[in-house]
1. Please go through the range 149-172 and pick out each residue that is under 19 Å from the mean Cα position of the chain (by Cα) and either touching a residue at least 60 places away in the same chain (Cβ under 8 Å) or part of a loop (DSSP other than H, G, I, E, B) (or both).
2. Would you mind finding the one in Glu116, Glu120, Glu102, Glu137 that is more than 17 Å from Leu282 (Cα to Cα) and either surrounded by 14 or more Cβ atoms within 10 Å (Cβ to Cβ) or β-branched (Val, Ile, Thr) (or both)?
3. What number of residues within the range 15-56 satisfy the criterion of being part of a helix (DSSP H, G or I) and at pLDDT below 75?
4. Condition first: assigned by TED's automatic domain parsing to the domain that holds Gly272, in a loop (DSSP other than H, G, I, E, B) and free of Cβ contacts under 8 Å to residues at least 24 places away in the same chain. Can you find one or more residues in the range 173-184 that meet it?
5. Go over the candidates Ser292, Ser248 one by one and state the one that is closer than 22 Å to Gln164 by Cβ, in contact with a helix residue (DSSP H, G or I) (Cβ under 9 Å, 6 or more places away or on another chain) and polar (S, T, N, Q).
6. Do any helices (runs of 4 or more DSSP H) entirely within the range 227-305 hold 2 or more residues that are not aliphatic (A, V, I, L, M), and if so, which?
7. Go through the range 327-364 and count every residue that is polar (S, T, N, Q), touching a helix residue (DSSP H, G or I) at 6+ places or on another chain (Cβ under 7 Å) and under 23 Å from Leu213 (Cβ atoms).
Amino acid sequence: MMKKIVYGILAVAFLSVASCKSDGKEEKELTSGVLTQYMDTLVKPGDNFTAYVNGTWVKNTPIPDDKASYGVGYIVHEESEENVKKIIEESSEGDFPAGSDEQKVGDLFKSYTDFEKRNEIGASPLQPEFDKVDALENYDDLAQYFAYANKMGINVPLALFVYQDFKNPTIYTVYTWQSGLGLPDREYYLKDDERSKEIQAKYLEHIEKMLTLTGLPDASASASAIMNLETTLAEKHLEKEKTRDLVSLYNMFPVDTLSNIMPQFNWTAFLGEAGLAEQDKLGVLMLDYTKSLDNIITSTDLDTWKTYLKWSVVDAYASRLNEEMDKQNWDFYSKELRGTKEQRPLWRRGVSVVNGTMGEVVGKVYVKKHFPPEAKERMETLVDNLMKAY
């Protein structure tokens with residue numbers, strides 16, 4: 001494949017030169033897109049092409065303290081953030097009509113970066129979510145809440161997503177996916193080497209600290225119950241490497257047969273809350289896990305589920321609450337798990353939140369400022385050249 005790409009690029013370059021000569025026009029010097037100063041020519045390209053092209057850059061470029069990895073993607077992303085920052089700051093400082101794109105963007109950014117206000121209100125914005133959890137009276141309510149949590153970005157054991165059908169990419173299909181863990185994957189719970197045990201202990205400590213900061217009672221006992229439930233879920237999760245085998249994952253079921261998989265689970269309540277009451281089929285990707293989840297749900301008392309769900313709420317919104325909770329959340333997930341040395345600047349986090357929440361709205365304002373017609377023309381030419389080269 002690499003040879004085809006190289007030959008294709010060389011062919012385009014050759015044809016370009018030939019065209020200049022045949023037209024009798026002045027020849028232009030062609031500039032390579034490869035920055036040779038970043039290459040490591042001591043490496044044989046056949047042994048490690050990436051190191052051959054990028055080796056010197058990798059050796060001489062330190063990873064910034066607020067990142068766990070670094071590369072051209074991060075550089076381009078940060079340049080984009082700089083441009084978006086200007087737009088957001090102008091939106092937050094300007095006097096724009098209520099309901100305008102600029103007003104929405106500016107207000108969200110100001111509310112996120114206003115730690116004085118965030119510290120004042122603490123975890124109180126979570127109370128309506130806690131009330132919803134406390135109102136659960138039975139396992140049917142729990143099934144309905146799982147669907148609600150999916151819509152709100154709250155982590156629960158059964159996730160839903162929409163994607164192209166694996167066997168028919170011309171249509172979209174609704175799938176279920178194993179979920180519900182606070183750590184990255186099952187191995188973090190099940191391995192017993194020294195580092196894994198250290199992470200497990202620190203995660204337990206993290207849960208307790210966050211519950212305490214939120215003001216929830218019995219933080220220590222609750223943290224243990226949460227850890228035990230997540231470990232039970234992890235034991236039934238499919239191994240990470242097997243989640244890439246789309247052929248074995250593809251299990252399509254008519255909705256009226258889902259009770260054969262989880263006979264005690266209220267699929268009607270779950271799909272109804274998810275807005276899928278009229279759905280005729282569902283892709284159950286981790287079939288064995290889903291079957292096991294049925295028994296895990298009913299063998300776990302409702303109070304433990306409520307404790308777990310409140311933790312899921314806290315974990316979902318921790319980075320948007322007061323300064324102490326935001327810092328504790330970063331300390332564990334970024335510093336402990338990923339090795340990041342310092343937190344990203346507040347303005348960058350604010351830009352990420354605005355982009356993540358209102359990306360299309362920001363995009364409209366961004367295009368007005370940074371994508372004039374001539375830029376569009378350049379990109380269309382670039383894409384056209386790429387298509388010719390490949």
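The values are calculated or read from the model by the stated rules, or taken from the named source; none is laboratory data. Just so it is clear, the structure is predicted and the values come from calculations on it, not from any experiment. Backbone-built Cβ (ideal geometry, glycine too); neighbour counts: all protein chains shown.
1. Filtering the range 149-172 for residues under 19 Å from the mean Cα position of the chain (by Cα) gives 149-164.
The answer is Ala149, Asn150, Lys151, Met152, Gly153, Ile154, Asn155, Val156, Pro157, Leu158, Leu160.
2. Numbers: Glu116 fails: either surrounded by 14 or more Cβ atoms within 10 Å (Cβ to Cβ) or β-branched (Val, Ile, Thr) (or both); Glu120 fails: either surrounded by 14 or more Cβ atoms within 10 Å (Cβ to Cβ) or β-branched (Val, Ile, Thr) (or both); Glu137 fails: either surrounded by 14 or more Cβ atoms within 10 Å (Cβ to Cβ) or β-branched (Val, Ile, Thr) (or both).
Criteria check complete, one pass: Glu102.
3. Taking the range 15-56 as the starting set, the residues that turn out to be part of a helix (DSSP H, G or I) are 15-22, 36-38, 49-56.
From what is left, the residues that are at pLDDT below 75 are 15-22.
Of the residues in the range 15-56, 8 are part of a helix (DSSP H, G or I) and at pLDDT below 75.
4. Our first condition is that a residue be assigned by TED's automatic domain parsing to the domain that holds Gly272; within the range 173-184, this holds for 173-184.
Next, from what is left, pick out any that are in a loop (DSSP other than H, G, I, E, B): 179-184.
Narrowing the set further to residues that are free of Cβ contacts under 8 Å to residues at least 24 places away in the same chain leaves none.
So far as the range 173-184 goes, no, none of its residues is assigned by TED's automatic domain parsing to the domain that holds Gly272, in a loop (DSSP other than H, G, I, E, B) and free of Cβ contacts under 8 Å to residues at least 24 places away in the same chain.
5. Among Ser292, Ser248, only Ser248 is closer than 22 Å to Gln164 by Cβ, in contact with a helix residue (DSSP H, G or I) (Cβ under 9 Å, 6 or more places away or on another chain) and polar (S, T, N, Q).
6. Working: elements: 246-249, 267-273, 287-299.
Because the criterion is at least 2 residues that are not aliphatic (A, V, I, L, M), the helices (runs of 4 or more DSSP H) in the range 227-305 that meet it are 267-273, 287-299.
7. Going through the range 327-364 one residue at a time, the tally reaches 4.
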